[in-house]
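Some notes on the structure that comes next.
The values are calculated or read from the model by the stated rules, or taken from the named source; none is laboratory data. The structure presented is a predicted model; accordingly, all values stated were derived computationally and were not measured. Cβ sites come from the backbone with ideal geometry, for glycine too, and all protein chains shown count toward neighbours.
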Amino acid sequence: MKTVKILRFPRLDTILMVEVFIKEFSGEYKKRALWEALPKKMMYQTFNVIVEYLLYSHKIKINKEGRIEWKEKKEPETEYKHFYIPYHFTQYS
């Protein structure tokens, strides 16, 4: 595995901003155009770290045309319906 020195690590609010933007404009932008259209400017290296993280965590995909799309995930309640939880977590908070 290739080791890369990361100069800037993104903050959580920056990652969330990119996630929301990709969800809203899924499939409309290629990587460079997406970076230029973000509401908050950031270094391209930082943006690349965020995109690599989202690809690694299977939240986004790059389609055949090179456009970035948000991958819809199943809701946990539909995925794990067969599990029985005998109490509600709100009782104990």
### Query
If you take the residues of the stretch 67-82 that are in a loop (DSSP other than H, G, I, E, B) and under 17 Å from residue 18 (Cα atoms), which of them is modelled with the lowest pLDDT?
72
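Quick one: in the stretch 50-66, which of the residues that are touching a strand residue (DSSP E or B) at 6+ places or on another chain (Cβ under 9 Å) and in a helix (DSSP H, G or I) is surrounded by the fewest Cβ atoms within 10 Å (Cβ to Cβ)?
It comes out as 55.
Residues checked against (1) loosely packed, with under 10 Cβ neighbours inside 10 Å; (2) of a type in the set (A, V, I, L, M):
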position	(1), (2)
17	no, yes
30	no, no
48	no, no
72	yes, no
### Query
So, of the residues in the stretch 16-61 that are among the small types (Gly, Ala, Ser) and free of Cβ contacts under 8 Å to residues at least 12 places away in the same chain, which turns out to be farthest from residue 73 (Cα to Cα)?
33
